[in-house]
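Note sheet for the following structure.
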Amino acid sequence: MPPQHYMECALSLARLAMGYTRPNPAVGAVVVKDGLIVGMGYTQPAGSDHAEIMALRQAGDKARDATMYVTLEPCAHYGRTPPCTQAISDAGISEVYIALRDPNPMVSGRGIRRLNERGIKTYVGMCQQKAYEINEAYIKYITTGLPFVVAKFAMSLDGKIATKTGDSKWITKDEARKYAHALRHTVDAIMVGVNTIVADNPHLTAKGCGGKSGTGKMQPRRLVVDSKGRVPLNAHIFEPPGDVLLAVAAPLDPKKKEKFIRLGAEVLELPARENSIDIVELLKVLGKREIVTVLVEGGGKLLGSLFDHHLVDKVLAFISPVIIGGYEAVSIGGNGIDNMAKALRLSRIDIKNLGDDILVSGYVER
């Protein structure tokens, strides 16, 4: 098999780790001896084994004089776990193919140098773009301290994300909704505005993809931006599984705060601007809490604020062949722009058919 085949295998393993490793990257590794894969592994939750260790353990003595394929540069420092470069050297690996350098200042280049110092040949750059996309959120987080923000919304052909009453259930059909739940498994937090809770009363949980479902600590955190503390006390988000974080404007009425805390929510009081949460400050706080990926699911006001502040990294727009109509129907809010030259444009566009619906995804150009 050509070397790229083994790296593709490592990338597939890395994808299995997405959503489970924060704040660490999702990495896959395989060990190959005499043309056969003798060890495979992917990153375990933070504090547990990295992909390289998992693969080496499975390979055992067969790792000596074998080749490793890994999707991200092995670490060379002591963190929650010992350095992977030492384990690779001790196992007798003779050469390592690395898809992508790790931009983490504690790793970048050091892992490769350590391997070379121990006489291990390294080859960097195979399937680099695919490796980057798997860890695009980690890369932003580790270089800026801010989470990677994905704006997801479903809209009609006439650009509405809800009716004039706020109803948005359901603009898309089953296949698109299944895709959205699979996406939830890969993120650390799902963010919505309070109007979405009031209008739709969603659970904001990841369903139907194994692993996380039914395990509270593995569910994405449910984050509601609610400047005045208007979330109904009987809202579904207060039901298990999963943690709840309410971002409110400081100071919140102590009686309201106490009621939310009794329901198991964490209340985060933040400065406000023009009666709205300081969204920039909120993202800074999330970064300090090692929230790497935030999936924003609505509503129009919150999405508009994020676009206005140029805080969105990636857009996932589900387009359904329906017409909602009405001047008062809900669209993306915010201040918007005054001429097309200032419009936010997406690059690296991808278009998928999901039954009757279409998913257009892309990255916001900076």
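The values are calculated or read from the model by the stated rules, or taken from the named source; none is laboratory data. Here the structure is a predicted model, which means the values were calculated and not measured. Backbone-built Cβ (ideal geometry, glycine too); neighbour counts: all protein chains shown. Note: accessible area is taken over every heavy atom of the protein model, side chains too, but ligands, DNA and RNA are not part of it. Shrake-Rupley method; radii C 1.70, N 1.55, O 1.52, S 1.80 Å.
Placing unit charges on the Cβ atoms of the charged side chains and taking the dipole of the chain about its Cα centre, the candidate lying farthest along the positive direction among I337, Q4, T205 is T205.
For segment 254-348, the set of trypsin sites (Lys or Arg not before Pro) satisfying both a DSSP loop assignment and a count of at most 11 other C-beta atoms within 10 Å is given as R345.
If R0 is taken as 35 Å, the Cβ-Cβ distance between M218 and K352 corresponds to a FRET efficiency of 0.85.
Take the Kirkwood radius over Cα pairs of segment 205-347, plug it into Stokes-Einstein at 4 °C and 1.567 mPa s, and you get 75 µm²/s for translational diffusion.
Accessible surface for segment 14-122, divided over its residues, is 43 Å² per residue with a 1.4 Å probe. Roughly how many percent of the accessible protein surface of segment 261-366 is carbon and sulfur, given a 1.4 Å probe and a whole-percent answer? Summing carbon and sulfur atoms, their accessible area is 51 percent of the total for segment 261-366. Take the convex hull of the alpha carbons in segment 141-251; its mean projected area over all directions comes to 8.8 nm². Treating r as the C-beta distance of E175 and H236 and R0 as 25 Å, the FRET efficiency rounds to 0.60. Distance between the pseudo-spin-label points of S12 and D338 (7 Å out from Cα toward the beta carbon): 5.5 nm. Across the alpha-carbon atoms of segment 53-94, the computed radius of gyration and Dmax are 10.0, 28 angstrom. Comparing Cα centroids, segment 9-75 and segment 230-249 end up 37 angstrom apart.
When you work out D = kT/(6 pi eta Rh) for segment 66-129 at 4 °C and 1.567 mPa s, using the Kirkwood radius from C-alpha pairs as Rh and the Stokes-Einstein form, the result is 113 µm²/s.
Annotation: extensible slack from S108 through K259 equals 49.7 nm (criterion: 0.36 nm per residue apart, minus Cα-Cα distance). About its Cα centre, the dipole of the chain is roughly 440 debye, where the only charges are +1 on Lys and Arg Cβ and -1 on Asp and Glu Cβ.
Database remark: amide H of Y123 closer than 5 angstrom to the amide H of V96, Y97, I98 (H placed geometrically; neighbours at sequence offset of 5 or more, or on other chains; Pro and chain starts carry no H). Restricting segment 92-140 to trypsin sites (Lys or Arg not before Pro) that sit in a DSSP loop and have at most 16 other Cβ atoms within 10 Å of their own Cβ leaves R118.
For segment 26-100, trypsin sites (Lys or Arg not before Pro) are listed when DSSP marks them as loop and at most 11 other Cβ atoms sit within 10 Å of their Cβ; the list is R80.
Normalising by residue count, the chain has a Cα convex hull of 148 Å³ per residue.
From helices alone, the chain scores -8000 deg cm²/dmol at 222 nm; the rule is -39500 (n - 2.57) for each run of n ≥ 4 DSSP H residues, then divide by the residue total. Projecting the Cα positions of L146, Q128, M106 onto the charge dipole of segment 101-156 (unit charges on Cβ atoms of Lys, Arg, Asp and Glu, taken about the Cα centre) puts M106 furthest along the positive direction. Note on the chain: dipole from Cβ charges, positive end direction compared against F260, A182, A59; the farthest Cα belongs to F260.
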